[in-house]
Amino acid sequence: MKFNRLNTVIFIGFLAIVGVIIMQLFLLNQAYIFEKRDTEDKIHFALQDVVEKIYRDNNSELPVANPIKKVSENYFIVNVNDVFENRILEHYLKTEFDKVKLELDFEYAIYDCSSESMVYGNYISVDGKPSKVCEDCFSKNPDLTYYFAIRFPHLRQSYFTSLSQYWVFTAVLFLVLIIYVYSV
């Protein structure tokens, strides 16, 4: 009789452990999705403000269509459809990213109509350290005339580092579960 109760307790404990692990992984996934969406929103709002400033400087009307196109997870194309300068663009990008507290390294390139190619702009590092430049990472878009592209080389790593507290909680949970299994 005692043996059956012990087996039942162990089985219920095992189900509880599996449930806690599944719940923790679910919460970790939800936190990752939230962090990713939050960062993308910050990028989008900052780039939208950059476009508005460029149009304001050129005394032009803003387009009705969304000028920001997400090409991949870390690569965006911004259709300005008006002339702008490299130095001013870099200043606006730094200012707007600081405003939304987006602390990520980025690099940008501007389409040059005369050579019909992407001209590499600059690599902007948050900590000021130079990094590997990827001039070939920017592709030409035949549908646009005046535009720039921006790339965040360490975007995915920033998601994982910003979730560091969740990783600590998960490690502590697994440690407690290992101690529980060992004691049973």
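The values are calculated or read from the model by the stated rules, or taken from the named source; none is laboratory data. Just so we're clear, the structure is a prediction, and the values are computed from it rather than from any experiment. Cβ sites come from the backbone with ideal geometry, for glycine too, and all protein chains shown count toward neighbours. To get the accessible areas, we keep the full protein, side chains included, count just its heavy atoms, and leave off ligands, DNA and RNA. Shrake-Rupley method; radii C 1.70, N 1.55, O 1.52, S 1.80 Å.
Brief remarks follow.
- Residue pairs whose Cβ atoms lie under 6 Å apart, sitting 6 or more positions apart in sequence or on different chains, and linking a residue in segment 129-145 that is modelled with pLDDT of 75 or more to a partner that is surrounded by 12 or more Cβ atoms within 10 Å (Cβ to Cβ) and not β-branched (V, I, T), are C137/R151; F138/A109; F138/M118; F138/A149; K140/M118; L144/N79.
- Residue count for segment 107-151, restricted to those that are among the small types (G, A, S) and closer than 22 Å to H44 by Cα: 5.
Residues checked against (1) open to solvent by 60 Å² or more (accessible area, probe 1.4 Å); (2) touching a strand residue (DSSP E or B) at 6+ places or on another chain (Cβ under 7 Å); (3) among the β-branched types (V, I, T):
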| site | (1), (2), (3) |
| --- | --- |
| N4 | yes, no, no |
| I10 | yes, no, yes |
| F34 | yes, no, no |
| T39 | no, no, yes |
| L62 | yes, no, no |
| V80 | no, yes, yes |
| V83 | yes, no, yes |
| F97 | no, no, no |
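- Considering residues of segment 101-119 that are crowded, with 17+ Cβ neighbours inside 10 Å and not in a loop (DSSP other than H, G, I, E, B) only, the residue modelled with the lowest pLDDT: M118
- Hits in segment 76-100 (condition: outside any helix (DSSP H, G or I) and within 19 Å of N66 (Cβ to Cβ)): F76, I77, V78, N79, V80, N81, D82, F84, V100
- So V126, is it at pLDDT 80 or above, assigned to a strand (DSSP E or B) and open to solvent by 60 Å² or more (accessible area, probe 1.4 Å): no
- Look at (1) hydrophobic (A, V, I, L, M, F, W, C); (2) closer than 12 Å to Y108 by Cβ; (3) not in a strand (DSSP E or B) and you find that V64 fails only one, number (2).
- Residues of segment 133-184 that turn out to be part of a loop (DSSP other than H, G, I, E, B), within 28 Å of I33 (Cα to Cα) and open to solvent by 70 Å² or more (accessible area, probe 1.4 Å), as a count: 1
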